[in-house]
Amino acid sequence: MRKFFFSICFAAAAAVAADKPNVIFILADDIGYGDVGCYGATAVKTPSVDRLAKSGLRFTDGHAPSATCTPTRYSLMTGEYPWRKKGTGILPGDAKLIIDPARTTLPKVFKQAGYTTGCVGKWHLGLGDGNLDWNKLIAPGPNQVGFDHSFHMAATGDRVPCVFIENGHVVGLSPDDPIEVDYLKKVGDDPTGKEHPELLKMGLTHGHDCTIINGISRIGYMKGGKSARWTDENICDVFTGEALKFIEANKAKPFFLYFATHDIHVPRVPNPRFVGKTAMGPRGDAIVSFDDSVRRVMETLENCGIASNTIVIVSSDNGPVIDDGYADGAKEKLGDHKPAGPFKGGKYSLYEGGTREPFIVSWPGHIKPGESDALVCQMDFLASFAAMLGVKLPENEKFDSQNVMPALLGESKKGRDVLIEHTTPIAIRMGNWKYIPFPKGAELYDLSKDPGETNNIIADHPDIVAKCVAEMAKIRDGRDEGLPVGAKGAKKKQN
């Protein structure tokens, strides 16, 4: 009888665990579709990402919401297309928070379902209300939009301030050495890359010539905070270590962890133990560093005994970029490697390489391993997990997020019917049709026959163009006047 009682209890606990699995979203930075082994890379080895893909579902048509970083992060947090809100372009490091703390967000969905929520890594969605003092409580920020715990950088590694922020406070800051940041004029006595290029350990190709920190010049000027400044070679280890601490601290209860790595964004300065792991220089070595972060997360889940009750998602915020301002040899050492795989374009681009990313979802024992060509987007996590967890979204808020959970779990081969791909202007996917209303002349592609977008067939399919234009107008729904709706002469919107 006692044995039977414990069996019943175990079965009940397992059912609860299945209803509320832990969720970890590992978001890489600037990693392209073809940058990892399971999507075709051979010049760089990514055994941990490949192992995760082998144990789960590998999507071949999975997308970031945008071809650049801040818009993608805004969308995945809010479930709203970034072009609907002004000010969602790539932000400086001193920008104010662009998410309204009152609105529903992805972490709030998890909190409403009883989860503990954590944000570790790159934030880049702004901080404060416009009058930010880095030496006091920095708010609003991640903790005000739904995260119980946060440990992050303000923007990117190539932008000041070069410090970590934990729950609204700069880590390691001395009150005797206050931080001052300015993106318009020089502050402090630190040398700049423009004035003293001889002090740089990494040369420049364009921009990034302001304050030098750790031998690397940045975008923007920074004064003070010397005890709090990061060492670039250790950023990956610091962020990964914080992610592991969050997992270990919350292993006994449902948690959601948003782990946004800095790898492989510039400046690419991998830890010395990864230097030389590829023939592609710092960019390739940074991919190896990212893969090692995935390994450490998966090993921690195993050691905590919660791997089978954790959904792990791996993707990237936008497509690849080779030269993004620093002379790190990425272009010269690229060789035959194709960062975007078979697709055209990359970061900043409206072609498929801009938003089509590695997109892996693993949940041992629940998701059958395999491959899916369902059209899915990171923006859909909000509606999908809300549906899975029984969280009702408020009717007075509008969302572009759709429930594609059946596709994410491999229970359906169908994802989205339509997706707006974002940079400037905006493109639309309708099934395998891709319509791009460039102001100088629109383009149309049948991706089922031409995934590389090499043959513009717009003249042959006026009916398809008309459907695409009508669908874009329908999606716009009067909420944004900047969305292009025509072919030639389409209105161009600058975020």
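The values are calculated or read from the model by the stated rules, or taken from the named source; none is laboratory data. Quick caveat, the model's predicted, so the values are computed rather than measured. For neighbour counting, all protein chains shown are included, and Cβ atoms are generated from backbone atoms with ideal geometry for every residue, glycine included.
Just to verify a result, which residue in region 155-172, among those that are among the hydrophobic types (A, V, I, L, M, F, W, C) and closer than 21 Å to S217 by Cα, is surrounded by the most Cβ atoms within 10 Å (Cβ to Cβ)?
Start the filter on region 155-172 by keeping residues that are among the hydrophobic types (A, V, I, L, M, F, W, C), which leaves 155, 160, 162-165, 170-171.
With the extra rule that they be closer than 21 Å to S217 by Cα, the set shrinks to 155, 160, 162-165, 170.
Values: A155: 26, V160: 30, C162: 27, V163: 23, F164: 21, I165: 22, V170: 22.
Applying the filter and picking the extreme gives V160.
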TODO: Would you be able to say whether some residue in region 317-332 is farther than 27 Å from I367 by Cα and not in a loop (DSSP other than H, G, I, E, B)?
DONE: yes
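Quick check on region 86-138: of everything there that is among the aliphatic types (A, V, I, L, M) and under 19 Å from G172 (Cβ atoms), which residue is nearest to the chain's Cα centre (by Cα)?
So the residue we want is V120.
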Listed by first then second residue, the pairs whose first member lies in region 341-361 and is within 21 Å of I26 (Cα to Cα), whose partner is modelled with pLDDT under 95, with beta carbons under 8 Å and at least 6 positions apart or on separate chains, are G354/T423
If we ask which residues in region 280-295 are in a loop (DSSP other than H, G, I, E, B) and surrounded by fewer than 21 Cβ atoms within 10 Å (Cβ to Cβ), their number turns out to be 1
Of (1) among the β-branched types (V, I, T); (2) surrounded by fewer than 21 Cβ atoms within 10 Å (Cβ to Cβ); (3) in contact (Cβ under 8 Å) with a residue 40 or more places away in the chain; (4) within 30 Å of H208 (Cα to Cα), V266 fails just (2)
Flagged pairs (Cβ under 8 angstrom, 6 or more apart or on separate chains; first in region 72-101, closer than 22 Å to M222 by Cβ and in the same structural domain as S349 (by TED's automatic domain parsing); second among the aromatic types (F, W, Y) and surrounded by fewer than 22 Cβ atoms within 10 Å (Cβ to Cβ)) are P92/Y183; G93/Y183; D94/Y183
Tell me whether region 90-97 contains one or more residues that are modelled with pLDDT of 95 or more, of a type outside the set (A, V, I, L, M, F, W, C) and out of contact with any Gly (no Cβ under 8 Å at 6 or more places or on another chain). no
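Considering only region 62-87, state which residues are part of a loop (DSSP other than H, G, I, E, B) and closer than 21 Å to I31 by Cα.
Narrowing region 62-87 to residues part of a loop (DSSP other than H, G, I, E, B): 64-65, 67-68, 79-81, 85-87.
Listed by number, the residues that qualify are A64, P65, A67, T68.
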The condition of being part of a loop (DSSP other than H, G, I, E, B), closer than 22 Å to H206 by Cα and modelled with pLDDT of 95 or more holds, among K253, K347, K338, K277, only for K347
If we keep only residues of region 195-254 that are outside the structural domain of D291 (by TED's automatic domain parsing) and among the acidic types (D, E), then the residue nearest to D133 (Cα to Cα) is D209
The residue that is surrounded by the fewest Cβ atoms within 10 Å (Cβ to Cβ), considering only those in region 296-311 that are in contact with a helix residue (DSSP H, G or I) (Cβ under 8 Å, 6 or more places away or on another chain), over 14 Å from A249 (Cβ atoms) and not hydrophobic (A, V, I, L, M, F, W, C), is R296
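Applying the selection to region 403-439, what residues are without any contact (Cβ under 8 Å) to a residue 12 or more places away in the chain and surrounded by fewer than 15 Cβ atoms within 10 Å (Cβ to Cβ)?
Our first condition is that a residue be without any contact (Cβ under 8 Å) to a residue 12 or more places away in the chain; within region 403-439, this holds for 406, 411.
Within region 403-439, E411 is the sole residue that qualifies.
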Return a yes/no flag: does region 133-153 have any residue that is assigned by TED's automatic domain parsing to the domain that holds M379, in contact with a Phe, Trp or Tyr (Cβ under 9 Å, 6 or more places away or on another chain), of a type in the set (A, V, I, L, M) and under 16 Å from G220 (Cβ atoms).
yes
